[in-house]
Amino acid sequence: GAVVSQHPSRVICKSGTSVKIECRSLDFQATTMFWYRQFPKQSLMLMATSNEGSKATYEQGVEKDKFLINHASLTLSTLTVTSAHPEDSSFYICSAIPGQGADGELFFGEGSRLTVL
Amino acid sequence: TQLLEQSPQFLSIQEGENLTVYCNSSSVFSSLQWYRQEPGEGPVLLVTVVTGGEVKKLKRLTFQFGDARKDSSLHITAAQTGDTGLYLCAPFSGGYQKVTFGTGTKLQVIP
């Protein structure tokens, strides 16, 4: 199946700093990628849709100035958590749909666990 | 926003038991997907159901799409420890449409 890779897998930072998470599609081009956030024992919450070459589309309640998304190429989308605070600590996961197959299977990265001290 | 409620929220069972988890909504969906997520990893697609009343089997897992296409169920026969994980349902509209997940069912199978 298609491969989506995230980096870093774990990151610990101090409050007030910014953290960048990368999401790469390794064997396909992804014009669209999705960023999710997941708290412990909870489901995935869609944060935004990342569109190559254009602005991301954010879900209601997600601060676009807080969570900066850049989709500069067909294989890379980045999520930057700006001025991170402890409440931003979470598991962030990206995903992409390769092609337009009948199932439209969403392939996910391994996730990035952010801990803000 | 289409809200998908999954039940139960948590389920802990012994190996060998059977179980059913549910995914319900007041909205009608063109199709619905089930994913399983293991701790510390991204979800993996299990199945897509498209037709109302459709039943799909994946080894010990049986998926059913409601006749009205508003709900779905997942039945696991003779659960194994490898079935442990978070089960998520999500409506699927095709193409590059965004995917929003249900509330999830966390399953723990005890040896």
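The values are calculated or read from the model by the stated rules, or taken from the named source; none is laboratory data. Nothing here was measured: the structure is a model prediction, and the numbers come from that model. So basically every Cβ, Gly included, is an ideal-geometry build from the backbone, and we count neighbours across all protein chains shown.
Residues of segment B:66-98 being in a strand (DSSP E or B) and away from every other protein chain (no Cβ under 14 Å), which ones? Scanning segment B:66-98 gives B:Asp71, B:Ser72, B:Ser73, B:Leu74, B:His75, B:Ile76.
Any residue at all in segment A:42-53 that is of a type in the set (Val, Ile, Thr) and at pLDDT 95 or above? I'd like the intermediate steps shown before the answer.
Just the residues of segment A:42-53 that are of a type in the set (Val, Ile, Thr), to begin with: A:49.
Then keep just the ones that are at pLDDT 95 or above; that gives none.
Scanning segment A:42-53, I find no residue that is of a type in the set (Val, Ile, Thr) and at pLDDT 95 or above, so the answer is no.
Residues that are among the polar types (S, T, N, Q) and crowded, with 16+ Cβ neighbours inside 10 Å within segment B:93-102 comprise just one, B:Thr100. Taken together, A:Leu46, A:Leu79, A:Leu68 contain a single residue that is buried (at least 19 other Cβ atoms within 10 Å of the Cβ), touching a strand residue (DSSP E or B) at 6+ places or on another chain (Cβ under 9 Å) and away from every other protein chain (no Cβ under 13 Å), which is A:Leu79. Looking at B:Leu45, B:Leu74, B:Leu3, B:Leu32, just one residue is within 29 Å of A:Val4 (Cβ to Cβ), surrounded by fewer than 18 Cβ atoms within 10 Å (Cβ to Cβ) and aliphatic (A, V, I, L, M), and that residue is B:Leu3.
Looking at the structure I just gave you, is B:Thr62 assigned to a strand (DSSP E or B), surrounded by 16 or more Cβ atoms within 10 Å (Cβ to Cβ) and at the interface with chain A (Cβ under 9 Å from one of its Cβ atoms)? Spelling it out, it is not the case that B:Thr62 is assigned to a strand (DSSP E or B), surrounded by 16 or more Cβ atoms within 10 Å (Cβ to Cβ) and at the interface with chain A (Cβ under 9 Å from one of its Cβ atoms).
Conditions tested, residue by residue: (1) out of contact with any Pro (no Cβ under 6 Å at 6 or more places or on another chain); (2) more than 28 Å from A:Tyr58 (Cβ to Cβ).
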residue: B:Thr20; (1), (2): yes, yes
residue: B:Ser26; (1), (2): yes, no
residue: B:Ser30; (1), (2): yes, no
residue: B:Trp34; (1), (2): yes, no
residue: B:Gln37; (1), (2): no, no
residue: B:Thr51; (1), (2): yes, yes
residue: B:Asp83; (1), (2): yes, yes
residue: B:Leu86; (1), (2): yes, no
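Would you point out the residue of segment A:5-54, among those that are of a type in the set (Phe, Trp, Tyr) and not in a strand (DSSP E or B), that is nearest to A:Ser73 (Cα to Cα)? For segment A:5-54, the residue satisfying everything is A:Phe28. Only one of the numbered conditions (1) under 28 Å from A:Arg10 (Cα atoms); (2) at pLDDT 95 or above; (3) surrounded by 19 or more Cβ atoms within 10 Å (Cβ to Cβ) is not met by B:Phe10, and that is (3). The set of residues in segment A:34-43 being facing chain B (nearest Cβ under 10 Å), under 13 Å from the mean Cα position of the chain (by Cα) and not aromatic (Phe, Trp, Tyr) consists of A:Gln38 alone.
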